[in-house]
Structure formats: structure tokens, C-alpha cells
1. If you go through the stretch B:226-247, how many residues are aliphatic (A, V, I, L, M) and open to solvent by 40 Å² or more (accessible area, probe 1.4 Å)?
2. Six or more apart or on different chains, Cβ atoms under 6 Å: show the pairs whose first residue is in the stretch B:217-241 and among the charged types (D, E, K, R) and whose second is surrounded by fewer than 22 Cβ atoms within 10 Å (Cβ to Cβ) and part of a strand (DSSP E or B).
3. Would you call B:Ile235 under 21 Å from B:Gly62 (Cα atoms) and out of contact with any His (no Cβ under 9 Å at 6 or more places or on another chain)?
4. Does the stretch A:23-32 contain at least one residue that is more than 17 Å from B:Leu58 (Cβ to Cβ), crowded, with 17+ Cβ neighbours inside 10 Å and within 10 Å of another protein chain (Cβ to nearest Cβ)?
5. Of the conditions (1) in the same structural domain as B:Gly122 (by TED's automatic domain parsing); (2) in contact with a Lys or Arg (Cβ under 9 Å, 6 or more places away or on another chain); (3) in contact (Cβ under 8 Å) with a residue 24 or more places away in the chain, B:Lys197 satisfies every one except a single condition; which number is it?
6. Can you find a residue in the stretch A:137-150 that is without any contact (Cβ under 8 Å) to a residue 60 or more places away in the chain and touching a strand residue (DSSP E or B) at 6+ places or on another chain (Cβ under 6 Å)?
7. Can you name every residue in the stretch A:253-271 that is touching a residue at least 60 places away in the same chain (Cβ under 8 Å), under 19 Å from B:Ala16 (Cα atoms) and not in a loop (DSSP other than H, G, I, E, B)?
8. Return the total of residues in the stretch B:254-276 being more than 13 Å from every other protein chain (Cβ to nearest Cβ) and either closer than 19 Å to B:Leu37 by Cα or open to solvent by 10 Å² or more (accessible area, probe 1.4 Å) (or both).
2 protein chains.
Amino acid sequence: MHDVIVIGGGPAGASAAIYLQRSKLDVLLIMKDYGTLEKTQHIDNYWAFEDTMDGKELVEQGIAQAKRLGVLVKQEEVLNIENFNDFSVKTNKGEHHAKAVLLATGQTKPNLRVKGFREYTGKGISFCAICDGFIYRNKKIAVIGNRAFMSEELETLQNFTDDITVFTNGLDLEVEVDQPVNTEKITEIKGNDVVEKIVTENGEYKVDAIFIAMGTPSANDFALRIGAFTKNNNILVDDNFMTNVDGLFAAGDCIGGLLQIVKAASDGAHAAIAMNKYVRSLKK
Amino acid sequence: MHDVIVIGGGPAGASAAIYLQRSKLDVLLIMKDYGTLEKTQHIDNYWAFEDTMDGKELVEQGIAQAKRLGVLVKQEEVLNIENFNDFSVKTNKGEHHAKAVLLATGQTKPNLRVKGFREYTGKGISFCAICDGFIYRNKKIAVIGNRAFMSEELETLQNFTDDITVFTNGLDLEVEVDQPVNTEKITEIKGNDVVEKIVTENGEYKVDAIFIAMGTPSANDFALRIGAFTKNNNILVDDNFMTNVDGLFAAGDCIGGLLQIVKAASDGAHAAIAMNKYVRSLKK
């Protein structure tokens, strides 16, 4: 078991991992990719880089720095986090355990942008199978997604019903599933008091519930599953960057505030110092 | 007149100047030297620098970055800040004006470390000629210091009394003064209810008051002169990094908190964003 697992390899995650490692904790950093910085090409305002930097290059240097200082870095996609006696972090490649977890996965991406999406959110549209699946026992369910995160949700939902259709919303299905799959683009969600239909470019499909599991789970998705409070898509943390869940910390864009590299890196440093205290208090 | 004067060229000051410049304000950054980072040789924990960095090198790169983006940088020593209609910043080379000022001069250095120093602070030992000089009209005063800051204080004190001795506390006198000078090392401050004597390695000198003006004025010295609140040597700022003095902001080590580069640079970015709003609100 590790002392700390950091999820996310950008400025918040890597900065935290560097501080944690230097306080002599056993740190595992799990990152899927380079996040939003991968596509940010002209960074001029992060202090002490004389020349314009490329976002991906900065992230790479941060990871190289973390590795040089001894941080264990794994390129895996985190699919779920559970919290019993310790934290269990399930990825596409295995399971890792730690006494504390830092969420540093950046800002939540925009969700399904179709008519009716906002209207039926919470009225049949759900973002968490483990939270809401039991409500739809033996009902007709749609899961929207095309990757490992969708499979993860699908597996949970199969405990409640057999009538599940996967909608990829026009994307290629990247995982194997044993349920019907619809790859048409979704154009609208319809209903009355609650969700009734998914409308695609070619037809309409009756559903009792829709579970959204597009792309990679965001910090918000983890927060939802583990019971951490959020507000306006930002994870709520205290002065020590800890969520309401003991041992679960968050830093960087996923907690809101200034969406700037230097703020995220600073968050990471602050969170790491608090996490070090937290982990050491457990050891007493 | 500039929109903003930033005092200090370290992570907080340069980061702020970069953000201010990019928000299209007219920014002057005044720095005396490389601050505490000049002597910090192994920096491993500032995110995205793969290799160990030298503090001076980081500061140089931050200044080069600021200059590349258009920030006007002057290497001068700030001696005083006044605030009437606008801010007037007096340096060893001239006077500059701005609508807002950012103090980013790092942490206050330790003061005179001799027996009796703490005991008589506020009981005859003062840190501000303009604040307390009038109390000692026609009295016997000592000014401790050896540089331009001491001259600045001396000039103010000469309005109140002619009986002033400069004590350099063992250092070379770097400025010309027309008052008696004592270059012995100070070993103790003595008194009863209030200060009565300066004890040096070679003798005792009767005084009614001692004004400390050693080295370069710190952020605290400026705060004192301009009426900004401090607590435990940290300048107090609100959520917008503004002090209780309208238009006077502070960031980095001089406001306390984590004394880390990344925190100072992040402070600078936050302060700059708030200062931009402040300056633009004045223009309306």
C-alpha cells in the first residue's frame, strides 16, 4: 500500500507528488494523458520560463522532475475510487491502494450538449451507476459512452437490469460489451416529468433512465461516487485542500478558482503539505 | 504616471508584472537585487523544471520573461512610498508614480539581534522616523544603519533634533552623512522603563531613542510608513491581495503563508488580476 496516490499528472498533481516525495512519503502518481495542457501551445505567464512554452512540454518536464525525485509514475486510466479502510483506486490496468488520495484531474469537460440534457439531469439522467442504479431495477436503461469508463458503469448497472443499450453518440466503441450498441449521434433527450426517449439522427429510443459515462471519469465523477461535496462542478475543499471525505484531497482546476498553471501548481504544494501531516497523523 | 509599480523582482513580483503587462497595463517593476533566492542554490520543487535550479538563475529567467513581454524593469532601491492622490515611490535614483503599488519584497529580515532589543521595541526603539520622530523633538537620538535607507530616516529625524548619532553596528558606512558616526558593534540596549543606553564593544552611549534603519527597507517598513496593517511581520491583505490602504497590494513571502516559490508566484498572479480590476475601476 502506498502512502498517497495522486491522480493527474499536470501542474497540481505533479507539484503535489514532488512535495510529497520530498517529505519522504511513498507516492504513486497515476496519469492518463497530458490533460488540457496537451493542446495549449503558447504559455507565457508561468513564472521563470523566459521563452514561450508548449503545454505538453511543461507537463513532460514536470513528470520528468517528479520521476527524478523518486515519484513512481504510472500511465493508467483511473475508473473508480473506493474508500473503506483505505482508498482503493481501480484503473484500466489494475488496482492500487493508499492511505490518502489527491484528485488533480483538471476541470470537468462539458457534458452531452443536446436539447433536453439539462432539463432531465436528475430526472432520469444520472452520472453515477453505483449511486442511482438501484432505482431502475428491471427498467430500460441507456448508458452513453464508448470507453472503459462506460464499461465500468455498465458492469454496475447489469446488477440491476438486463435491458441496457449502449449509446456511443457517434463515436467508435473502444471496448467490448455484451449489450446492444447504438452508434448514432444523439440529437435530443425527450420526456415529460422524467426522461422518456433518446432521439438520434435516425430514430427514437424509449428509455427509463440514461447514465452518462462519456470519455474518462472526471474529478466530479469520482467525487460523486465517493460522496465528496461539489458546487458548480468544483470539488469543495477546506483550508487543507481536504474534501469532506477523510483522506480525500483535491487541488488544481477541479476545485475551481483561478484556472491558471501557477495556481494549480501552488494548490498542489499546499495540498501535499497538508497530506503529509494527515498521513503522518495516521501512523501515530 | 504608470498604472502599477511592482516592488520586488522575485517570483511574486515578476509573476505579477507578467500578468499585469498581459492585461495591457503600464507596469514598472523596481528591484534592488535577487533577494533571498540569490543564495538558494538547490531548488527542486518548483514545478516543471526537470533539473535542480539555482535561485538566482530562476529570478533572472523570470525577469527576462517579464522584459520579453514588455515590462519595464529598473534596478533601483526603493526608500519610501507615499500615498496622496497617487502613489509616489522614492528610490535611490529618483521618484516614480503609479495608481497602484504591489509590495513583493519577500520576507522581513531579522532585526538587530542584541540583548534588550525586543524589550525596548516600542519603548524608545522605533522603526519609522516619520511615525515617531516628533516624539523626540530636541532629544538625543541614535539611528542604526549604514546605507541609503538610514540616510532617508536621518533626513526626516533632522527636522526634530540636531543631536543624532549614526551607529553602523560594525558595518562600513556606505553613504555620506553630516552627523557623528559610530562604527562599533552594538552588544546591548539598556534602559529602565524606556531606552537609556546603547552598549557597544568599546563603550556606552546615552540615548533617548533609537531608530532602526538597517539594510534595505522591508515590506514591513513600507507598510508601517504608509499605514498598512501587519501581524507577526506579515502584511495583512484581503482576498484580493489588497492591504487596508486603497490601491496598495502585497504578495509573496511578505504576506506570510507557505514560504515557497510556487506560492509566491501564484500570489503574484492572483494579485495582478485583482490589481487590473482595481486600476480599470479608477479609469471609469
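1. Residues that pass the stated criteria total 2.
2. none
3. Values: under 21 Å from B:Gly62 (Cα atoms): no; out of contact with any His (no Cβ under 9 Å at 6 or more places or on another chain): yes.
Answer is no for this residue.
4. no
5. Checking B:Lys197 against (1) in the same structural domain as B:Gly122 (by TED's automatic domain parsing); (2) in contact with a Lys or Arg (Cβ under 9 Å, 6 or more places away or on another chain); (3) in contact (Cβ under 8 Å) with a residue 24 or more places away in the chain, the one that fails is (3).
6. First, pick out the residues of the stretch A:137-150 that are without any contact (Cβ under 8 Å) to a residue 60 or more places away in the chain: A:137-138.
Still in the running and touching a strand residue (DSSP E or B) at 6+ places or on another chain (Cβ under 6 Å): none.
No; the residues of the stretch A:137-150 include none that is without any contact (Cβ under 8 Å) to a residue 60 or more places away in the chain and touching a strand residue (DSSP E or B) at 6+ places or on another chain (Cβ under 6 Å).
7. Start the filter on the stretch A:253-271 by keeping residues that are touching a residue at least 60 places away in the same chain (Cβ under 8 Å), which leaves A:253-254, A:259-262, A:264-269, A:271.
Filter once more, so that each one left must be under 19 Å from B:Ala16 (Cα atoms): A:259-262, A:264-267.
Result: A:Ile261, A:Val262, A:Ala264, A:Ala265, A:Ser266, A:Asp267.
8. Kept after step one, since they are more than 13 Å from every other protein chain (Cβ to nearest Cβ), are these residues of the stretch B:254-276: B:254-256, B:275.
After this cut, where a residue has to be either closer than 19 Å to B:Leu37 by Cα or open to solvent by 10 Å² or more (accessible area, probe 1.4 Å) (or both) as well, the list is B:254-256.
Number of matching residues: 3.
The values are calculated or read from the model by the stated rules, or taken from the named source; none is laboratory data. Computed from a prediction, not measured in an experiment: that's the story for all the values here. Note: ideal-geometry Cβ built from the backbone for every residue, glycine included; neighbour counts use all protein chains shown. Ligands, DNA and RNA are excluded from the accessible area calculation, which covers all protein heavy atoms including side chains. Shrake-Rupley method; radii C 1.70, N 1.55, O 1.52, S 1.80 Å.
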